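Chemist: Please read through the structure below; I'll follow up with questions.
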């Protein structure tokens, strides 16, 4: 792993996680256990990532590269995806159109099931496959 400028990460023994809020083609953030403080204060990944990113920019870190993530699903598409995931037996929390931790975990599990890259980012391709799977599971009347 390397920093955004290509320099190697400093050697340490801290546990860390790779956060891909916009999927594998979007920006990547290496988060440490202290990131949980942001999530406890506001359990929104967008808010917490933004606050953490702002703190690093204030400290002098370079701007991130946006990458080329696929287009985000519309609010109603996220709700539909949550409904399909819930019908498939996954716990997405409330079907509310918001991408919370449970929805992202369910998305990742379904991506694995379909052989898609498992980055927890819901895409139109995943929604299309879930729709097709839902239609094929309905009984003829």
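Rule-based calculations on the coordinates, nothing more; no lab input. Just so we're clear, the structure is a prediction, and the values are computed from it rather than from any experiment. Here Cβ is always computed from backbone atoms with ideal geometry, including for glycine, and neighbour counts include all displayed protein chains.
Chemist: Compute the acute angle (0 to 90°) between the alpha-carbon long axis of helix 101-114 and the principal axis of greatest extent of the alpha-carbon atoms of the chain; round to the nearest 10°.
Modeler: Roughly 60 degrees, rounded to the nearest 10.
Chemist: Within 10 Å of each residue's Cβ, count the other Cβ atoms and sort 95, 46 from fewest upward.
Modeler: Details: 95 16, 46 11.
The order, fewest Cβ neighbours first, is 46, 95.
Chemist: Considering the stretch 75-137, what Rg and Dmax in Å follow from its alpha-carbon atoms?
Modeler: 10.2, 28
Chemist: Run the quick spin-label model on residue 5 and residue 65: label points 7 Å from Cα toward the beta carbon, then report their separation in nm to one decimal.
Modeler: Those two pseudo-labels are separated by 1.5 nm.
Chemist: Also, quick follow-up: Any chance you could give the angle, 0 to 90 degrees and rounded to 10, that helix 45-58 forms with the longest Cα principal axis of the chain?
Modeler: Roughly 20 degrees, rounded to the nearest 10.
Chemist: With no solvent and one point on each alpha carbon, what is the Debye value of log10 I(q)/I(0) for the chain at q = 0.09, 0.12, 0.16 Å⁻¹?
Modeler: Summing over Cα pairs of the chain leads to -0.33, -0.57, -0.92.
Chemist: Based on the Cβ-Cβ distance of residue 14 and residue 125, what FRET efficiency does E = 1/(1 + (r/R0)^6) give at R0 = 41 Å, to the nearest 0.05?
Modeler: On the way: r = 35 Å, r/R0 = 0.85.
Efficiency, from the Cβ-Cβ distance: 0.70.
Chemist: Let me ask something else about it. Over the chain, what is the relative contact order in percent, taking alpha-carbon pairs closer than 8 angstrom and at least six residues apart? Please report the intermediate quantities before stating the final value.
Modeler: Numbers: 137 pairs, mean separation 26.8, N = 141.
RCO, the chain: 19 percent.
Chemist: Okay, moving on. Compute the angle between helix 124-137 and the longest alpha-carbon principal axis of the chain, please, reported from 0 to 90 degrees and rounded to the nearest 10.
Modeler: The answer is roughly 30 degrees.
Chemist: Could you quote the convex hull projected area for the stretch 17-58, Cα atoms only and averaged over all directions, in nm²? Don't skip to the answer; put the middle values down first.
Modeler: Working: hull surface 11.5 nm².
One quarter of the hull surface, i.e. the mean projection, equals 2.9 nm².
Chemist: Considering only C-alpha atoms, what is the centroid distance from the stretch 39-65 to the stretch 2-24, in Å?
Modeler: Result: 14 Å between the Cα centres.
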